[in-house]
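Here the structure is laid out as structure tokens; the discussion comes afterwards.
The values are calculated or read from the model by the stated rules, or taken from the named source; none is laboratory data. Note that the structure is predicted; figures quoted are calculated from it, not measured. Note that each Cβ is placed from the backbone with ideal geometry, even for glycine, and that neighbours are counted across all protein chains shown. Just the protein is used for accessible areas: all its heavy atoms, side chains included, with ligands, DNA and RNA removed. Shrake-Rupley method; radii C 1.70, N 1.55, O 1.52, S 1.80 Å.
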Amino acid sequence: MLIVAEEGTALDSIDVSAPLRAMVRYGEMALEITPADRADLDSEIDEAALAQCLIIMGDAGKALPASFREENEHIPWTDMIELRDRLRHRYWETTAGLLWREAQAIPRLLPQIRAILGSVESR
């Protein structure tokens, strides 16, 4: 689905399906990386991979037009974008506990994003 930007903006249209597909893809990847038990998230490589998935999900949310995010306000876009900013720009504050907590929200979030993507792609 293309969202037409307001007249006079630099972008004529924005394909919202691409960022939504990225959110689903990297959300699924994050779930694969995240172990069943918090104590098992002890590898720095696993933490870095999980952080990157969360960053990409936040980047994708940030790429969506504000009007689209407002239409779908049941998704915590702002929280995802703020997490992205924190992980990307204040990475020294990243802990395994933070990553674990954020990963726990993904199973509830993915079905909602898939539903939005499905309705966008069916238009």
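Before moving on, here are some points about what is shown:
- The single condition among (1) touching a residue at least 12 places away in the same chain (Cβ under 8 Å); (2) of a type in the set (Gly, Ala, Ser); (3) open to solvent by 20 Å² or more (accessible area, probe 1.4 Å) that GLY58 does not meet is (3).
- Candidate set from the stretch 75-102 (those that are in contact (Cβ under 8 Å) with a residue 12 or more places away in the chain and hydroxyl-bearing (Ser, Thr, Tyr)); member that is nearest to LYS62 (Cα to Cα): TYR91
- Note on the stretch 105-117: residues that are more than 13 Å from the chain's Cα centre (by Cα) and either open to solvent by 40 Å² or more (accessible area, probe 1.4 Å) or modelled with pLDDT under 90 (or both) total 1.
- Residue pairs meeting the criteria (Cβ under 6 Å; at least 6 apart or on separate chains; first modelled with pLDDT under 80 and part of a loop (DSSP other than H, G, I, E, B), in the stretch 34-51; second of a type outside the set (Asp, Glu) and open to solvent by less than 90 Å² (accessible area, probe 1.4 Å)): LEU41/PRO35; LEU41/ALA96; LEU41/TRP100
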